[in-house]
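The values are calculated or read from the model by the stated rules, or taken from the named source; none is laboratory data. Bear in mind that the values here come from a model prediction, so they are computed numbers and not experimental data. All Cβ positions, glycine included, derive from the backbone under ideal geometry; neighbour counts span all protein chains shown.
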Amino acid sequence: MIRARLREERGFTLIETLVAMVSGMVVIGATFAILEVSLHEATRQADYTQASQLGRTAMTKVVDVLHSTCLTTGFTPVQAKSGPNRLIVQDGFSEEAEVKGSATVTNGARQDEFWWKEVAGKRGDLMQTTWLSTSGSAPSYVIPTTGTPASEVRLAENVKRELKGKEEEPFFRYYTYATKSTTSTSEQSATLTEVTPKEGTFTEPEAREIAAVQVSFTQLPTDGNEALGRVATFSNQVTFAFTAPSTEATIEAHPCE
């Protein structure tokens, strides 16, 4: 009886073989699908992390300079010819505590220009050009802006304007102190009002009243892939003031007061 069973040549039927093959293909397909999704997600996370690091470094540099603009009471930080894609400020950004007017020292007053340089389509580089003062003292420094600048660096590449719906936001938005603050129960209390240049860039009298700047941009990863979830957006606002004006009374404050 045992020998008879050993001599049997029965195997899997054709249907059983086909079912096994189909089942195997389904399992293999599902495995590859999970692997592909995992690889795409890992790449997306890596791109977003890279974009966040690059954009945060650039934003920190801009904000640090803006926080160094009020060199004395009544100083005018924002300069004429600033606009949506170019911000020009005078500041004392330095590792030293005291700001001097001579370009021969490392802690002299300076003029920094942050501007967007278009490279391809709507993408470009965020640049910084620095000019050093040659003489003078606060609030009036002599800063020549002709010839070769002290430095010109690229803060970030693959930068584009931030999108609000279908509209592109400017890189730099400017604010002045409002005549009266908003204190109604239906609106948010505010002491600033947004202003835009009439002729593309601000004139000297217009720039003199600018009390705050908002910096906004979108940072792409180095490979330029801007698919959903791979880019990082940044926005930061700096007010040029030693103390905040009252939100209840008529506002008569000016920058750096």
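Can you confirm whether region 153-166 contains a residue that is within 18 Å of the chain's Cα centre (by Cα), at pLDDT 90 or above and in a loop (DSSP other than H, G, I, E, B)? Looking for residues that are within 18 Å of the chain's Cα centre (by Cα), at pLDDT 90 or above and in a loop (DSSP other than H, G, I, E, B), one finds none in region 153-166, hence no.
Consider region 107-121 and keep the residues that are surrounded by fewer than 19 Cβ atoms within 10 Å (Cβ to Cβ) and part of a loop (DSSP other than H, G, I, E, B). The one that is modelled with the lowest pLDDT is Asn107.
Total residues in region 128-152 satisfying the condition of being over 24 Å from Pro197 (Cβ atoms), in a strand (DSSP E or B) and β-branched (Val, Ile, Thr): the figure is 1.
Condition check ((1) surrounded by fewer than 13 Cβ atoms within 10 Å (Cβ to Cβ); (2) at pLDDT 75 or above; (3) touching a Gly at 6+ places or on another chain (Cβ under 9 Å)) across all residues:
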position	(1), (2), (3)
Met1	yes, no, no
Glu36	yes, no, no
Gln45	yes, yes, yes
Phe75	no, yes, no
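When Leu54 is tested against (1) of a type outside the set (Asp, Glu); (2) assigned to a loop (DSSP other than H, G, I, E, B); (3) surrounded by 15 or more Cβ atoms within 10 Å (Cβ to Cβ), just one condition goes unmet, and that condition is (2).
Per the conditions (1) at pLDDT below 85; (2) more than 23 Å from Phe217 (Cβ to Cβ); (3) not small (Gly, Ala, Ser), the sole criterion not satisfied by Thr145 is (1).
As a summary of the residue check, Thr201 satisfies the conditions (1) among the β-branched types (Val, Ile, Thr); (2) in a loop (DSSP other than H, G, I, E, B); (3) modelled with pLDDT under 85 except for the one numbered (3).
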